[in-house]
Structures are given as C-alpha cells and as structure tokens.
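Engineer: First, the structure itself, so that you have it in front of you.
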C-alpha cells in the first residue's frame, strides 16, 4: 500500500489542463479505458460504482502479481478475500435498496412465492462466501501447483508457468469474480 500511495503521489504531482505530459496522458488513457469498460457493463446510469470497481480491480491485479517479485500475495489470505466479498455484497444490497426502496427490496425475497423467502435471504449471505472461496481457491491452487512443479523440475519449467499463474490467472480470472 505504501508503494501504491507513493506511486500515486508521484504520478499525479504535476497534472496540467493544457499541454499534459506523457505520463498524464497514459494515466488518463488507462482511466478512460476502465471507465469505458465498466460503463459498457453497467450503463451510464450506474457510473457512480466505477471508482469502486476500478479500485478493486487494481487491488486484485497488483495483489495477484506480487508473486513475480517474491512477495506473498494478500489474496492468498482468506481474510482478504472475505473482506472483498463482504464489501461487494454490501454494495450490491445497498444499491438495490437505494434504487428500488426498502419495501420493494424486502418484497423481492418472497417472489415468486413467499415460501422461498428464507432461501432468498440465505442466498444474500452465500454469494460473498462463494466469491471469497473462488478467489482464495484460485490463488491457493496456483500456489500449490507451482510448488509441486518446483519440486519436480526446479530449473526451467517453473519460470513460464509462474508467469501464467501470476499474470494471467492472477489478473484475468479473479477480477471478474467481484464484477
């Protein structure tokens, strides 16, 4: 977090409206790409959620690629993945209440028949657990496979596979879990 904070302070230090530098243009391009991506998924009416989604995405990408420099990724800790899942669940439920009102939000638990209400309420709490376990399982599975490969063939084979598990599997697969 300290590295991210310092990097953020350094990169946004000299922002200009006229004649922006190359770093500012690159940052603006990245932010615009992320905004366009999430607006395409959520629509313009839900653009208020884009900063949260971009922050979670950036956190997951950086956390999951830390293994390339020898640091244990935070997403290998069940507490981190649980916190992300709970925050996502709270945001989803809050946005449902805010958009539809508390009465309609509570009423949807009893649809199509009131008999399913306990199952619908249970689903609200099971969804974050599922998100948590999927991300944790992805990261732990990649770690276990890499450790086994390092035991069998310690010199050449682990390098390209490490890049696969840390970059592709660490950046692409877990980020969709929370979106």
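Only the coordinates and a few stated rules stand behind these numbers; no lab work does. Only a predicted model underlies this, so the values are computations on that prediction, with no experimental measurement involved. Don't worry about glycine lacking a Cβ; one is built from the backbone with ideal geometry, like all the others, and counts go over all protein chains shown.
Engineer: If I build a Gaussian network model for the chain, linking alpha-carbon pairs within less than 10 angstrom, which residue out of 119, 50, 86 has the largest mean-square fluctuation?
Structural biologist: Sorting by GNM fluctuation, first place goes to 119.
Engineer: Further question on the same structure: Going from the alpha-carbon gyration tensor of region 29-116, what semi-axes, largest first and in whole Å, does one get by taking the root of 5 times each eigenvalue?
Structural biologist: After diagonalising the Cα gyration tensor, the semi-axes are 32, 20, 9 Å.
Engineer: Here's another thing I want to ask about it. With runs of 4+ DSSP H residues as the only contributors, calculate the mean residue ellipticity of the chain at 222 nm using -39,500 (n - 2.57) per run, divided by the residue total and rounded to the nearest 500.
Structural biologist: Computed ellipticity for the chain at 222 nm equals -23000 deg cm²/dmol.
Engineer: While we're here: I'd like the distance between the alpha-carbon centres of region 11-33 and region 78-131, rounded to an integer number of Å.
Structural biologist: Cα centres, region 11-33 to region 78-131: 38 Å.
Engineer: Can you put 3, 132, 30 in order of Cβ neighbours within 10 angstrom, beginning with the fewest?
Structural biologist: With the fewest neighbours first, 3, 132, 30 line up as 3, 30, 132.
Engineer: Tell me whether region 17-59 comes out rounded, prolate or oblate; compute the Cα gyration tensor, take square roots of the eigenvalues as a ≥ b ≥ c, and use a/c under 1.5 as the rounded threshold.
Structural biologist: prolate
Engineer: Also, I was wondering about something else. Could you please tell me the mean projected area of the C-alpha convex hull for the chain, averaged over all directions and given in square nanometres to one decimal?
Structural biologist: One quarter of the hull surface, i.e. the mean projection, equals 14.1 nm².
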